[in-house]
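Single-structure report; data block below.
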Amino acid sequence: MDPSLRPLRMIRTLRLLILLLALGAAFAALATEPQVFRLEPRKMAGIEHGKAIVVKGEAGPQPHRFLIDSVNSLMPVTVLLRPVRNGDQVGIKLTKYGWNQPLRTGETSSKPVSFKIRTEGEFQISVDAKQDKTPYRLLVWVGDEVKPELTPVVVKASEFKGDKKSGSIVLWVIAGALVLAVALLTALVLRRKSS
């Protein structure tokens, strides 16, 4: 082996070792980060309006994380968490931006926890429990868009159905107030000129 190639070989070996250490650190970080599951509600039998999804799982200290997107503020959303066994405590957190910034939190004991929300875009759900392998059921229902019926603000004069007498009285009151204001301003101006 040529002695001039030894430093190159050492550098390649060192690069390979650094790459393996970096990959090991990346895999260790992935192993500690909880996995996020995207939930896609679908039409279900027995649900007339909207879409729903049911998640069956076993919670523990490491949270189960879920993401729901494509929601707008005209869609009502209900998130319901219940333990399978009475008395089990399962915690839930709803977040919008960061997992460590919950907007709503709750914990089950003997009855389910339910949140009714409206949001735009996406939101996140985190489920955990103090005891490992605590069974739970999570239901997420996303309702159909509720489009309110708005009456037009501007209408044609021929379609106006207001009280015609009260309209004319209002106009007379406004006209009288304007005449009074002009008279007061004229009196003030004439008074200043005379002094």
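Computing the accessible area with a 1.4 Å probe over protein heavy atoms, can you report the carbon and sulfur percentage for the chain? Before the final figure, lay out the partial values.
On the way: 9240 of 15020 Å².
Carbon with sulfur: 62 percent of the solvent-accessible area.
What range in the chain is the longest one free of chymotrypsin sites (Phe, Trp or Tyr not before Pro) that are in a loop by DSSP and have at most 16 other Cβ atoms within 10 angstrom? Spell out each step's value before the answer.
On the way: sites that count: Tyr97, Trp99, Phe160.
Counting at most 16 other Cβ atoms within 10 Å as exposed, the longest clean stretch of the chain is 1-96.
Summing -39500 (n - 2.57) over the DSSP H runs of n ≥ 4 in the chain and dividing by its residue number, what mean residue ellipticity at 222 nm do you reach, to the nearest 500 deg cm²/dmol? Provide the component values of the computation, followed by the final result.
On the way: 2 runs with 58 residues, N = 195.
Mean residue ellipticity at 222 nm (helix-derived): -10500 deg cm²/dmol.
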The extension gain from Val54 to Val146, computed as 0.36 nm times the residue separation minus the Cα-Cα distance, is 30.8 nm
Residues whose built amide H sits under 5 Å from the amide H of Leu103, excluding neighbours closer than 5 in sequence, are Leu94, Thr95, Lys96
Sites removed, the longest contiguous part of the chain containing no DSSP-loop GluC sites (Glu not before Pro) with at most 15 other Cβ within 10 Å is 49-119
Between the alpha carbon centres of the range 116-141 and the range 45-89 the gap in Å comes to 5
Sequence order, the range 123-140: Karplus ³J(HN,Hα) from phi using 6.51 cos²θ - 1.76 cosθ + 1.60, θ = phi - 60°, Hz rounded, Gly and Pro as x, gives 8, 10, 10, 10, 10, 8, 8, 6, 8, 5, 6, 8, x, 8, 10, 10, 10, 10
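As an exercise, use a Förster radius of 35 Å and the Cβ-Cβ distance of Lys43 and Val153 to find the FRET efficiency, rounded to the nearest 0.05. Intermediate values should be presented prior to the final figure.
On the way: r = 37 Å, r/R0 = 1.05.
Efficiency computed from Cβ-Cβ geometry: 0.45.
Let me know the shape class of the range 28-103, please: from the alpha-carbon gyration tensor, a ≥ b ≥ c as square roots of the eigenvalues, rounded when a/c is under 1.5, otherwise prolate if a/b is greater than b/c, or oblate. Write out the running numbers ahead of the final one.
On the way: a/c = 1.86, a/b = 1.32, b/c = 1.41.
Note, shape of the range 28-103 comes out oblate.
Filter the cross-link list Lys43/Lys111; Lys43/Lys133; Lys51/Lys116; Lys43/Lys147; Lys56/Lys116 down to pairs whose alpha-carbon distance in this structure exceeds 18 Å. Don't skip to the answer; put the middle values down first.
Values: Lys43/Lys111 26 Å; Lys43/Lys133 29 Å; Lys51/Lys116 15 Å; Lys43/Lys147 20 Å; Lys56/Lys116 20 Å.
Table pairs above 18 Å Cα-Cα are Lys43/Lys111; Lys43/Lys133; Lys43/Lys147; Lys56/Lys116.
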Once phi for every residue in the range 67-82 is put through the Karplus expression 6.51 cos²θ - 1.76 cosθ + 1.60 (θ = phi - 60°), the whole-Hz ³J(HN,Hα) values, with Gly and Pro written as x, are 10, 10, 10, 6, 10, 10, 5, 8, 9, x, 10, 10, 10, 10, 10, 9
Length-normalised contact order of the chain, Cα under 8 Å, at least 6 apart, in percent, tallies to 24
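For the range 66-185, give the magnitude of the charge dipole about the Cα centre (Cβ charges: +1 Lys/Arg, -1 Asp/Glu; no others), in debye to the nearest 20.
It comes to approximately 340 debye.
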Result for the chain: accessible area per residue, probe 1.4 angstrom, in square angstrom, of 77
Of all trypsin sites (Lys or Arg not before Pro) in the range 7-104, the ones in DSSP coil with at most 10 other Cβ atoms within 10 Å are Lys43, Arg85
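The values are calculated or read from the model by the stated rules, or taken from the named source; none is laboratory data. The structure displayed is predicted, hence computed values, not measured ones. Cβ coordinates were reconstructed from backbone atoms using ideal geometry, including for glycine residues, and neighbour counts include every protein chain displayed. Note: areas computed on protein heavy atoms with side chains; ligands, DNA, RNA excluded. Shrake-Rupley method; radii C 1.70, N 1.55, O 1.52, S 1.80 Å.
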